[in-house]
Every structure is written in C-alpha cells, then in structure tokens.
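The values are calculated or read from the model by the stated rules, or taken from the named source; none is laboratory data. Note that the coordinates shown come from a computational prediction; the quantities given were computed from them, not determined experimentally. Using ideal geometry, Cβ is built from the backbone for each residue, glycine included, and neighbour counts are taken over all protein chains shown. Heavy atoms of the whole protein, side chains included, go into the accessibility calculation; ligands, DNA and RNA do not. Shrake-Rupley method; radii C 1.70, N 1.55, O 1.52, S 1.80 Å.
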Amino acid sequence: MLVIVTLVAGRMGMMGEKGSWAAEAAAGKARKQNQPVVVIDSGHGGNDPGKIGVSGQEEKAINLKIAMKLKAYLEAADIKVVMTRESDKGLYRESDSHKKSADMKERCRIIDNAKPVLAISIHQNSYHQDSISGAQMFYYKNSEKGRQLAETLQKRFDYILGADGNRRSAKANDSYYLLLNVKAPIVIAECGFLSNPAEAAKLSEEEYQDRIAWTLHMGILQYINDVEK
Ligand SMILES: [Zn+2]
C-alpha cells in the first residue's frame, strides 16, 4: 500500500499547476492503474455443496458468505478484487459431462486471466473425528511466495482461535488442483471444521464469518506490503 500512496503523491505534485481537478483525476487514474489485484475463489457451488456440517450446513454457502465479506474489506483497502463466483453457481455448463473438472479449469482460467498478486480459495474442512477443529492454510510446495502468504494468514488466525487454539502450521501440498495449476501465489484457506459441532455452529454465524473475513484481509494486506511492494 505504501507504493500506491507514494505514486499518488508524485502524480499530484506534477499535475499541481494544471488545477486541482485535473491533478485529482490523474492521481485517481494512477492509483487505479496500480491497484493490486486479488482473486477470491469461493469453493464449490451449484450442484457441489462441498462438505456437509453436523447440522446440515453446506460448505459452499459458508464459503460464499466469507468470500463476499472479504471482498468488501479488500475493496475498502483499495484492492481490486476478482471473484470466481458471487452466487450459488458452479463454474461449469449444464452440458459439461465432467462438471467438477470443467469447474476447476474455469476457476484456474479466471485466476490466471486476472494476473493477480495472489489468489485465495475459501473452504471449510471436515474430519471423521468430531473433536478436530481449527484453521489450516495450504500452499503449493514449490512456491516460496505461496508459503509466505500461507504462513502470514495462518498466524493471523491467532486473532480468532487464540494463540493456544491456533495450533496448526501452514502446510505444503503438491496435489490440489488449484495449487498445481494456478500461476500466481495461491493459498487454500480451510477456515474451520464443519465436522466439529461447536465450530460448525460458529462458522454458520454472520459475526464469526465476518471475523474470518477481517482476519484474511489483514493477512493479505500484510503479505502485499511485506512481499509484493
Ligand atoms: Zn471445500
């Protein structure tokens, strides 16, 4: 964000003699042109509900709620946001015979086209033991920037889970489709476990979804300032 502020100040200085409206317009344009782009991928959608919570919650709906809140926070911080979906729709056509693979390819295409500084894919987890809870960030094992982004976001979950509750580390992965195929640094954010009754209940609450979105946005801004500026 510091880069943007400096550029805007520079443009305004140069344009000062031509009148303030022109300077402001030029500064606004410069700022827009230098806006970092972030893609938010809301996992699943349409005929794919994702994980089903202990009380019947569908992962796809929780993912979208968090994704839309995250979009608002990032836009308020002058980030240009591209969404892979903004409604309960999968990214496949009804005529596609392999809908899941068509859906994943389309997500990759949207992310690569946007040429973002980073992408984040929002998901919720599930496990056969209902005592398991907490958040975990995944990154592609050979991506140094992906690792930095994942570790920054993971650490931020202290705010939600407490330092004692946020016991997991960001984890390398070499098999998730998006991690393998997206060119930009990307993290899969598993925000919590729908198989844990207490966590599933929280994940369904507007206020908790908002805290997660706030936390992810703070981590993203920190990463952009530390790594991409
Ligand atoms: Zn998922």
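So which residues in segment 30-65 are among the β-branched types (Val, Ile, Thr), open to solvent by less than 40 Å² (accessible area, probe 1.4 Å) and more than 12 Å from the ligand (Cβ to nearest atom), if there are any at all? Spell out how you get there, then give the answer.
Within segment 30-65, the subset among the β-branched types (Val, Ile, Thr) is 37-40, 52, 54, 62.
From the residues that got through so far, the ones that are open to solvent by less than 40 Å² (accessible area, probe 1.4 Å) too are 37-40, 62.
Selection gives Val37, Val38, Val39, Ile40.
Report yes if Ser126 is within 22 Å of Ala67 (Cα to Cα), in the same structural domain as Gln209 (by TED's automatic domain parsing), within 16 Å of the ligand (Cβ to nearest atom) and open to solvent by 20 Å² or more (accessible area, probe 1.4 Å), otherwise no. When the stated conditions are applied, Ser126 passes them. The one condition from (1) within 16 Å of the ligand (Cβ to nearest atom); (2) within 16 Å of Asp41 (Cβ to Cβ); (3) open to solvent by 30 Å² or more (accessible area, probe 1.4 Å) that Lys171 does not meet is (2).
Which residue out of Ile110, Ile132 is away from the ligand (no atom under 13 Å from the Cβ), β-branched (Val, Ile, Thr), under 23 Å from Ala172 (Cα atoms) and outside any strand (DSSP E or B)?
None of the other options fit; the residue is Ile132.
For the structure I just gave you, tell me whether Lys115 is at positive phi and under 17 Å from the mean Cα position of the chain (by Cα).
Working: at positive phi: yes; under 17 Å from the mean Cα position of the chain (by Cα): yes.
Yes: the conditions hold for Lys115.
Restrict the check to segment 73-84 and report whether at least one residue is in a helix (DSSP H, G or I), modelled with pLDDT of 95 or more and within 14 Å of the ligand (Cβ to nearest atom). Walk me through it before giving the result.
Start the filter on segment 73-84 by keeping residues that are in a helix (DSSP H, G or I), which leaves 73-76.
Within this subset, residues satisfying the condition of being modelled with pLDDT of 95 or more are 73-76.
Checking the rest, the ones that are also within 14 Å of the ligand (Cβ to nearest atom) come to none.
No, there is no match, as no residue in segment 73-84 is in a helix (DSSP H, G or I), modelled with pLDDT of 95 or more and within 14 Å of the ligand (Cβ to nearest atom).
For segment 71-105, what are the residues that are open to solvent by less than 30 Å² (accessible area, probe 1.4 Å) and within 18 Å of Glu59 (Cα to Cα)? Lay out the reasoning, then the answer.
Residues of segment 71-105 that are open to solvent by less than 30 Å² (accessible area, probe 1.4 Å), as a first pass: 74, 77, 79, 81, 83-85, 90-91, 102-103.
Selection gives Met83, Thr84, Arg85, Gly90, Leu91, Asp103.
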